[in-house]
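Beneath this line is the structure, given in structure tokens, with notes to follow.
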Amino acid sequence: MLPKKVKIVEVSPRDGLQNEKQVIELSTKLELIQRLQDSGLKNIEITGFVSPKWIPQLAESEQLCQKLQRHTGINYSALTPNLKGMEKAVAAGLQEVAVFTAASESFTKKNINCSIEESLQRFVPVIELAKQHDIKVRGYVSCVLGCPYEGEISADKVAEVTEKLFQLGCYEVSLGDTIGTGTPRKAHEMFKSCQQIADTQYLALHFHNTYGQALANIYACMELGSEIIDSSVAGLGGCPYAKGASGNVATEDVIYMLNGMNIECGINLEKLVETGNWISEKLNRLNNSQVGKALNNSQ
């Protein structure tokens, strides 16, 4: 049964920008977040406390948190892959952080140089510190519908890793089709498997649109009641560790679909399209949102 309301988690300031080639001005990042919240988005992943050596696009994360004009009622989060990152999130006064692993051993080894089990153990002190400061922790599972090194990933393996994240203390787990190879039936089976170990209201979708399947895959999971969708304005993003993986599903495209089905999300599509056009121009790239392109061409 389709949900009546959907929570959108906007990931463009972190997951969207991290794959860009050029270094991005702090003022651009700040304006992007401001524009996103002005469009009605209430959950925004604003940055990641990661080494600028590995992901230079997320440099100045501490300054960003200091300068950002925060609004009441908006949930700002950041990626914290280790204890050092978590300490920075505490100092920045954030109320939510995210940790990430994968359902693929090969991807985890290539990405964070350890096994899945070792990655989970690394989260223990991170989550303990978060609990001490009443900070919510969200978990990401990458490669839930395919891996660039292993190919097919079993739905049972995804559910197993997801369950471990909940056991560690994550309040919500986001299921990521990192390379965008998933198709609706696979997405349906994977989500159903995860529903065996967690309530639907705590499972999010994080689908990339590499093969143009993201909206179809989202809809397949929404038929099972899925009500949390990660997306990125203008389809920004990709994965630095997954060759060929294009951007996240565009927030504009998701909102257009939800509006067409009378599913409430509280976001102004017109403002969002303007933001998608603005950031695409700033980054000197094409807007990857189909809705953004269509509306631009119709004017």
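Observations on the structure shown:
- In region 82-161, chymotrypsin sites (Phe, Trp or Tyr not before Pro) in a DSSP loop with at most 16 other beta-carbon atoms within 10 Å: Y149
- Diffusion coefficient, µm² s⁻¹, Stokes-Einstein with Kirkwood Rh over alpha-carbon pairs of region 122-269 at 10 °C and 1.306 mPa s: 101 µm²/s
- Kirkwood Rh (inverse of mean 1/r, distinct Cα pairs), region 3-113, angstrom: 14.7 Å
- Relative contact order %, region 7-298, counting alpha carbon pairs below 8 Å whose residues are six or more apart: 18 percent
- Shape of region 84-163, Cα gyration tensor, a/c cut at 1.5: prolate
- Residues in region 193-220 that a label on S298 would reach, taking backbone N under 13 Å of a point 7 Å out along Cα→Cβ: none
- Karplus-derived 3J(HN,Hα), 6.51/-1.76/1.60, for each residue of region 201-206, Hz, glycine and proline x: 5, 10, 10, 10, 10, 9
- Kirkwood Rh, Cα atoms: Rg over Rh of the chain: 0.93
- Nearest-0.05 FRET efficiency for Y211 and Y149, computed from C-beta distance (R0 22 Å): 0.80
- Amide H within-cut-off set for S174, under 5 Å, with H built and near neighbours excluded: G139, Y140, V141, A204
- Gyration tensor (alpha-carbon) shape descriptor, region 19-82, a/c threshold 1.5: prolate
Bear in mind these aren't lab numbers, they're just calculated from the coordinates by the rules spelled out. Bear in mind the structure is a predicted one, so any value in this text is a computation, not a measurement. No Cβ is skipped: glycine too gets one built from the backbone with ideal geometry, and neighbour counts run over all protein chains shown.
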